[in-house]
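A short worksheet on the structure shown next.
Every number here is computed from the coordinates shown, using simple stated rules; none is lab data. Please read these numbers as outputs of a predicted model, since none were measured by experiment. Here the Cβ positions follow ideal geometry from the backbone for every residue, glycine too, while neighbour counts run over all protein chains shown.
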Amino acid sequence: MKQKTLAYWQHKAVTLSIEGRAFIDGEYRSASTSASFDCRSPTDGGLLTKVVDCRAPEVELAVQAARRAFDAGSWSGLNPRERKAILLRWATLMRQHQEELALLETLDVGKPIADTTTVDVPGAIYCIEWFAEAIDKVSGEVVPADQHVIGLVTREPVGVVAAIVPWNFPLLMASWKFAPALAAGNSVVLKPSEKSPLTALRIAQLAHEAGIPAGVFNVLPGVGETGRLLALHRDVDCVTFTGSTKVGKMIMQYAGQSNLKRVWLELGGKSPNIVLADCPDLERAARSAAGAIFYNMGEMCSAGSRLLVHRAIKDELIDKLVVAARGYRPGNPLDPATSMGAIVDGAQLARVLDYIEAGRTEAKLLHGGAQMLRESGGYYIEPTVFEVATPDARIAREEIFGPVLSVMTFDTVDEAVRLANDSDYGLAAAVWTANLSTAHDVARRLRAGTVWVNCYEEGGDMNFPFGGYKQSGNGRDKSLHALEKYTELKSTLIRLR
Ligand code: NAD
């Protein structure tokens, strides 16, 4: 295949048509009011389009359409084999539009095109295919019961699922929600982040073309208020959320204030990456530690934002880490050679720069710290590394969601585990060691939903459940376990005589 160049993507960007209307009950609709917001590209600050800011009337229309479709059985009542075929058709259409979707994602959130073409879009397609392929293979149970009784345990779709998602992996995070929810037979109302609505709006049309019936998949762009209205709605049976811990707590309250809808939360993190003195390959550990925090501009819930290093190897590891950090120079996200793109918007840029300022007073700056490429009109930050003396430093405790790493030192394995677990979060963790027993022992003691040993961020396979302990959330995305979130268990007891 011919190598795509910056000029190729720039030309494609100019001719791209961008949809900013909501998708409700099988068609695009403008808002009932004239409310809309500007969708700007963080790559250069330019206006991409105006997007409808959905409020109560649109939420009402979408939830009613979803309910109608669910009750009519146009999707929920299909043989799972038929849902599978339609979902696979949708995935195929997305593959045919892969470049367009990757470009939309890059323009919308500033991710390198090298990532959206290889990770975000193919990852979302894979997710849809995985759940489509799975759904006609999961069965219920016939359970032990009285000899005159047949006991069935079955799973049924929960009904109308509202999916509220963030901006860091707009399409991928959304697919982790809607793919299992739709496969299980639910109707979905998807609320993308106001910072990244474009790919969700585009794939709605493709869903329709693939044969997903009207009302089954709706997309409501809007600000936080749109999400609040959905989470408070009495005819929404389940809200599945990925985003900050702060908003996650509100979502639980909204459920309590309304109909006690099911609530599933994938929230923030401050994940520890522990390098023990017997690390088998310091070079690889350093490169991996850099990737763990600088990939996707550090806008990762599972970013390895706390690097815990044994004192004996600290200096050597830091030297190698700084070399690896230099490999992440911010550049034009449309250039296929760029490995570090733009921060999602001006507000997030300011937030990250604030943390860097705090870091200058409470820690030692080892690398980076500057805003870059101001002349582009976009939002870029250098990969930044601090050495932190106390775990109470703000930069070592709070989720920054940017390319800022805190390095801390320990002397014993017990101290490393204590430091690692000393966090409100528990999303992911890693440990580097050459000793198998130490690896198992530390992995067991780490209070996190995912533990990597001698790697970081391996696990693109759908087979691994993903989610958090503690204030990183509840429930799991990915894997067959995700289906548990979007189904109710039913016991049916049939007396034979
Ligand atoms: P956010 O919580 O600000 O927003 C997430 C979504 O919630 C957006 O669609 C937003 O419009 C909506 N929202 C905002 N206020 C709301 C309200 N009051 N009621 C209902 N909805 C509301 O998060 P963000 O800034 O978009 O994303 C970053 C956060 O997401 C980070 O904390 C990150 O760790 C987390 N995240 C977690 C995972 C995971 O799998 N655990 C994955 C990606 C991101």
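Structural remarks
- Both the radius of gyration and Dmax for the stretch 102-194 are 18.1, 63 Å, in that order, over alpha-carbon atoms.
- Modelled label reach - Ile18, point 7 Å along Cα→Cβ, the stretch 58-97 residues with backbone N closer than 20 Å: 97
- Remark: C-alpha extents of the stretch 138-190 on the principal axes read 54, 17, 13 Å, sorted largest to smallest.
- For the stretch 352-419, the share of alpha carbon pairs falling in successive 10 Å distance bins from zero is 21, 47, 23, 7, 2 percent.
- With N the number of residues in the stretch 220-328, Rg(Cα) / (2.2 N^0.38 Å) evaluates to 1.53.
- For the stretch 386-469, taking Cα atoms only, Rg and Dmax work out to 13.4, 38 Å respectively.
- The stretch 272-459: translational diffusion in µm²/s, Stokes-Einstein, Kirkwood Rh over Cα pairs, 25 °C, 0.890 mPa s: 149 µm²/s
- Here the chain is treated with +1 on each Lys and Arg Cβ and -1 on each Asp and Glu Cβ, and its dipole about the Cα centre works out to around 820 debye.
- Projecting the Cα atoms of Gly304, Thr384, Leu265 onto the charge dipole of the chain, computed from C-beta unit charges around the Cα centre, puts Leu265 farthest toward the positive end.
- Over the chain, relative contact order from alpha-carbon pairs under 8 Å, at least 6 apart, %: 18 percent
- Spacing of the two label points (7 Å from each Cα toward its C-beta) at Leu496 and Asp146, in nm: 1.4 nm
- Taking 10 °C and 1.306 mPa s as conditions, the chain diffuses translationally at an estimated 68 µm²/s according to Stokes-Einstein applied to its Kirkwood radius (Cα pairs).
- The stretch 62-135 - convex hull of alpha carbons, volume per residue in Å³: 96 Å³
- For the stretch 272-459, the relative contact order is 28 percent, taking Cα pairs closer than 8 Å that sit 6 or more residues apart in sequence and dividing their mean separation by the residue count.
- Calculated P(r) tail over 28 Å for the stretch 11-267, as whole % of Cα pairs: 31 percent
- Amide hydrogen proximity for His367: with H placed 1.01 Å from N in the peptide plane, the residues at 5 or more positions away or on another chain lying under 5 Å are Val385.
- For the stretch 261-289, the residues whose amide N sits under 16 Å from a probe point set 7 Å from the Cα of Ser437 along the beta carbon direction are 278.
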